[in-house]
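Please treat every number below as a calculation from the coordinates, not as lab data. Just so we're clear, the structure is a prediction, and the values are computed from it rather than from any experiment. Every residue, glycine among them, receives a Cβ derived from its backbone with ideal geometry; neighbour counts consider all protein chains shown.
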Amino acid sequence: MTDLIYSRHAETRLQQRGIRKADIPIILAYGTQIDDETYFMRNRDAAHEIETRKREIQALSRLVNRKVVIRDGRVITAYPSNPADQKRTLRRGRQKGLVK
């Protein structure tokens with residue numbers, strides 16, 4: 001539903017009510033579908049998505065400077081990467097054109 005068409009009425013009402021067009025796909029994705037035409041973002045829906053994002057942020061914070069090596073679709077090893085290893089790894093990635 002990324003190619004939604006907005007009626008003139010909808011555009012006016014969104015503007016009057018402080019709802020952005022970018023908010024509509026969020027409501028459609030995470031809100032509760034009431035019927036074929038109606039979606040509603042409940043407190044419960046928002047709280048669930050906020051909690052999910054918080055867990056993702058915590059995981060990202062915990063995984064900073066961790067390195068995983070995969071070969072032929074198999075995880076070979078994973079470990080915390082020290083500054084020298086990070087520098088060497090990033091240099092190698094730049095040489096291969098994979099890292100900017």
TODO: Scan the stretch 1-22 for residues that are loosely packed, with under 10 Cβ neighbours inside 10 Å, part of a loop (DSSP other than H, G, I, E, B) and of a type outside the set (D, E, K, R) and jot them down.
DONE: 1, 2, 5, 7, 18, 22
Open item on the list: If I filter the stretch 32-51 down to residues being surrounded by 11 or more Cβ atoms within 10 Å (Cβ to Cβ) and of a type in the set (Ser, Thr, Tyr), which single residue comes out as nearest to residue 19 (Cα to Cα)?
Closed with: 39
TODO: Mind listing whichever residues of the stretch 52-83 are loosely packed, with under 10 Cβ neighbours inside 10 Å and part of a loop (DSSP other than H, G, I, E, B)?
DONE: 64, 72, 73
TODO: State whether the residues of the stretch 55-66 include one that is more than 15 Å from the chain's Cα centre (by Cα) and touching a residue at least 12 places away in the same chain (Cβ under 8 Å).
DONE: yes
Open item on the list: Filter the stretch 40-51 down to the residues that are farther than 30 Å from residue 79 by Cα, of a type in the set (A, V, I, L, M, F, W, C) and assigned to a helix (DSSP H, G or I) and list them by number.
Closed with: 46, 47
Task: Filtered residues of the stretch 23-39 (kept if assigned to a helix (DSSP H, G or I) and either free of Cβ contacts under 8 Å to residues at least 24 places away in the same chain or within 15 Å of residue 13 (Cβ to Cβ) (or both)) - done: 23, 24, 26, 27, 29, 30
